[in-house]
Amino acid sequence: MLIEHSLAEAKRLGFNAIILGSFTYHYHPYGFVGTKKYNISMPDGKFYTGVMALPLFEGALDGISGSVHFSEAMYPDESFLDDFDQTFPPKEKQILPHQADFEKAVSEIDNHDYD
């Protein structure tokens, strides 16, 4: 429901498309495909399966190319993370299996043929 609401809200606000990084199995059912289809790479010039796009209207990404630059918020200054963590109740830090799965999803090269 959250994804459906977000898509409707993005359309209502007049956005042309959405680009995100996530698990393909969450977003392919909503029409998201690899940004490779639209020649939109990451800054390293590569296309990854976990970086996907969804045009919000017909032709919204036609003739578009370039690279995706995610918000700086996605890349926090790790020197501040310990102080930030101290603002929460103590809890054992863990790296969960889905975190490793996410790292794999967004680092896997997209070899899909979109033609």
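Report, to the nearest 10°, how far helix 97-107 tilts away from the longest principal axis of the Cα atoms in the chain, using its own Cα long axis and a range of 0 to 90°.
40 degrees
At 0.36 nm per residue, and after removing the present C-alpha to C-alpha distance, how many nm does the segment from GLN94 to VAL106 gain when stretched out fully?
Values: separation 12, 0.36 × 12 = 4.32 nm, distance 2.02 nm.
Contour length minus the Cα-Cα distance gives 2.3 nm.
Could you pull the Cα extents of the chain along its three principal axes, largest to smallest, in whole Å?
49, 32, 24
Between the helical axis of 2-12 and the dominant principal axis of the chain, each derived from Cα atoms, what acute angle in degrees is found, rounded to the nearest 10?
Once rounded, the angle reads 50 degrees.
Which length gain, in nm to one decimal place, applies between ASN39 and SER22 when the Cα-Cα distance is subtracted from 0.36 nm times their residue separation? Spell out each step's value before the answer.
Values: separation 17, 0.36 × 17 = 6.12 nm, distance 1.83 nm.
That works out to 4.3 nm of additional length.
So for each of 84-92, 14-22 I average, over its residues, the number of other beta carbons within 10 Å; can you give me the resulting order with the highest mean first? List each step's numbers first, then the result.
On the way: 84-92: 7.0, 14-22: 14.7.
Output ranking for 84-92, 14-22: 14-22, 84-92.
Say the dipole of the chain comes from +1 at the beta carbon of Lys and Arg and -1 at that of Asp and Glu; which of LEU2, PHE84, PHE70 then lies farthest toward its positive end?
Ranked along the dipole, the leading option is LEU2.
Taking the dipole about the Cα centre of the chain, with the C-beta of Lys and Arg at +1 and of Asp and Glu at -1, give me whichever of VAL106, PHE32, GLY21 is farthest to the positive side.
The Cα lying farthest towards the positive end belongs to PHE32.
Where does the charge balance sit around ASP85 when Lys and Arg score +1, Asp and Glu -1, over other residues with C-beta under 14 Å from its C-beta?
Overall, the nearby charge balance is -3.
Below 18 Å, Cα to Cα, which aspartates and glutamates can LYS11 reach? Residues fewer than 8 away in the same chain don't count.
Counting by Cα, and skipping residues close in sequence, LYS11 has these aspartates and glutamates nearby: GLU58, ASP62.
Which lysines have a Cα lying under 17 Å from the Cα of LYS104, excluding residues fewer than 8 positions away in the same chain?
Result set, ordered by chain and number: LYS46.
Give me the dipole magnitude in Debye, nearest 20, for the chain about the Cα centre, with unit charges on the beta carbon: positive for Lys and Arg, negative for Asp and Glu.
About 360 debye.
Peptides 60-73, 43-56: what's the order by average Cβ count within 10 Å, highest mean first?
Values: 60-73: 11.1, 43-56: 17.6.
In decreasing order of mean packing, 60-73, 43-56 become 43-56, 60-73.
Each value in this text was obtained by applying a stated rule to the coordinates, not by laboratory testing. Values in this document were obtained by computation on a predicted structure and should not be read as measured data. Don't worry about glycine lacking a Cβ; one is built from the backbone with ideal geometry, like all the others, and counts go over all protein chains shown.
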